[in-house]
1. Determine, yes or no, whether V236 is farther than 28 Å from G92 by Cβ, modelled with pLDDT of 95 or more and either surrounded by 16 or more Cβ atoms within 10 Å (Cβ to Cβ) or touching a helix residue (DSSP H, G or I) at 6+ places or on another chain (Cβ under 8 Å) (or both).
2. Six or more apart or on different chains, Cβ under 8 Å: which pairs go from a residue in segment 16-27 that's open to solvent by 60 Å² or more (accessible area, probe 1.4 Å) to one that's in a helix (DSSP H, G or I)? Could you list them?
3. Here are some conditions: (1) modelled with pLDDT of 95 or more; (2) open to solvent by 60 Å² or more (accessible area, probe 1.4 Å); (3) over 21 Å from L158 (Cβ atoms). E182 meets all but one. Which one does it not meet?
4. Suppose we filter segment 122-145 for residues that are surrounded by 24 or more Cβ atoms within 10 Å (Cβ to Cβ) and assigned to a strand (DSSP E or B); how many remain?
5. Can you name every residue in segment 230-253 that is at negative phi and more than 22 Å from the chain's Cα centre (by Cα)?
6. Go over the candidates I57, I49, I71 one by one and state the one that is in a strand (DSSP E or B) and either touching a Pro at 6+ places or on another chain (Cβ under 7 Å) or surrounded by 16 or more Cβ atoms within 10 Å (Cβ to Cβ) (or both).
7. Look at L28 and say whether it is part of a helix (DSSP H, G or I), over 21 Å from the mean Cα position of the chain (by Cα) and of a type in the set (A, V, I, L, M, F, W, C).
8. In segment 245-268, which residues are touching a Pro at 6+ places or on another chain (Cβ under 8 Å) and open to solvent by 10 Å² or more (accessible area, probe 1.4 Å)?
Amino acid sequence: MFNFANFYQLIAQEPRLQSWLNMLPQQLTDWQNAEHGDFERWVKALNKISDQAPDEIDLCNEVRINNDQPISFGEQKKLESLLRTFHPWRKGPYHIHGLDIDTEWRSDWKWDRVLPHISDLTHRSVLDVGCGNGYHMWRMLGAGARMCVGIDPSHLFLIQFEAIRKLMGNEQRAHLLPLGIEQLPELKAFDTVFSMGVLYHRRSPLDHLYQLKNQLVSGGELVLETLVIDGDENAVLVPIDRYAQMRNVYFFPSAKALKVWLEKCGFINVKIVDENVTSVGEQRTTDWMTHNSLPDYLDPNDENKTIEGYPAPRRAVLIATNP
């Protein structure tokens with residue numbers, strides 16, 4: 001069983017978040033009561049990971065955890081075995097006591113593209129929607145955020161996040177909740193809201209943008225990253241079935257169309273700050289994620305197309321302000 005008491009205590013001290021306590025404990029109790037086939041096995045492995053605080057934590061340049069005196073080879077192999085229990089590792093990389101968790105995604109590359117364009121995170125409260133295993137939340141703390149709350153319904157991502165948190169000595173400035181954005185009330189409480197890699201999974205993208213807006217304080221900043229296509233303000237791709245072998249995808253606007261959508265939802269100061277074609281160096285199969293990945297999803301005769309014939313993955317970052 002997971003104990004979310006520390007998070008309840010945290011938001012009880014946050015005037016803008018106190019109202020969340022009216023519904024959150026019941027939601028998390030319901031989640032606890034739902035079954036997941038591998039969860040008990042993962043929790044047993046998680047409980048074997050030490051929560052002794054390390055001598056060094058670097059979240060500014062990467063996610064690195066070390067001791068001044070390296071752990072023994074035997075301890076390292078035991079830790080590696082426990083962390084491999086949580087395969088597949090999709091977001092990272094993590095560098096932990098001499099172990100390099102080479103994840104499917106080089107999430108640090110995305111962070112390097114996003115960071116120069118966002119407002120200074122120092123002392124800000126942050127919500128990361130669809131946060132995966134929390135990699136970017138650790139980098140947000142490294143950039144000065146006061147508090148990071150991530151939401152993602154995946155049981156495995158929660159376990160991976162909690163493993164990294166334990167290895168940091170039970171860091172309490174970041175928390176991951178196994179919820180979807182549709183389960184959050186209109187908190188209007190966060191200084192910055194991130195939604196990265198989520199919009200194309202939503203059946204109603206405008207509803208998602210409104211949900212994000214409803215979590216921001218007045219003057220708060222939205223950081224939105226998603227798959228896009230080339231084109232003008234009216235260009236939108238709706239895949240017939242799969243896109244790059246993904247089933248649950250719906251709308252791929254152009255960056256210009258997405259800017260219009262954000263403005264239609266009431267955001268101001270909307271800017272397209274980055275567009276980037278996803279490379280097979282950024283997303284690929286690794287020793288820590290042995291399933292198929294992007295190289296398997298592109299046309300073997302034309303890397304500019306997916307195997308279904310659609311344009312290859314292209315991602316954009318937009319920044320917007322809640323008035």
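The values are calculated or read from the model by the stated rules, or taken from the named source; none is laboratory data. In this text, all values refer to a predicted model and were calculated from it rather than measured experimentally. So basically every Cβ, Gly included, is an ideal-geometry build from the backbone, and we count neighbours across all protein chains shown. Heads up: the accessible areas ignore ligands, DNA and RNA and are worked out on the full protein's heavy atoms, side chains in. Shrake-Rupley method; radii C 1.70, N 1.55, O 1.52, S 1.80 Å.
1. yes
2. The qualifying pairs are Q18/I11; Q18/A12.
3. (3) is the only condition that E182 fails.
4. Adding up the residues that qualify gives 4.
5. D230, D232, E233, N234, A235, V236, L237, V238, P239, I240, D241, R242
6. I57
7. Judged against the criteria, L28 is not a match.
8. Once the filter is applied, which keeps residues that are touching a Pro at 6+ places or on another chain (Cβ under 8 Å) and open to solvent by 10 Å² or more (accessible area, probe 1.4 Å), segment 245-268 yields Y250, F251, W261, G266, I268.
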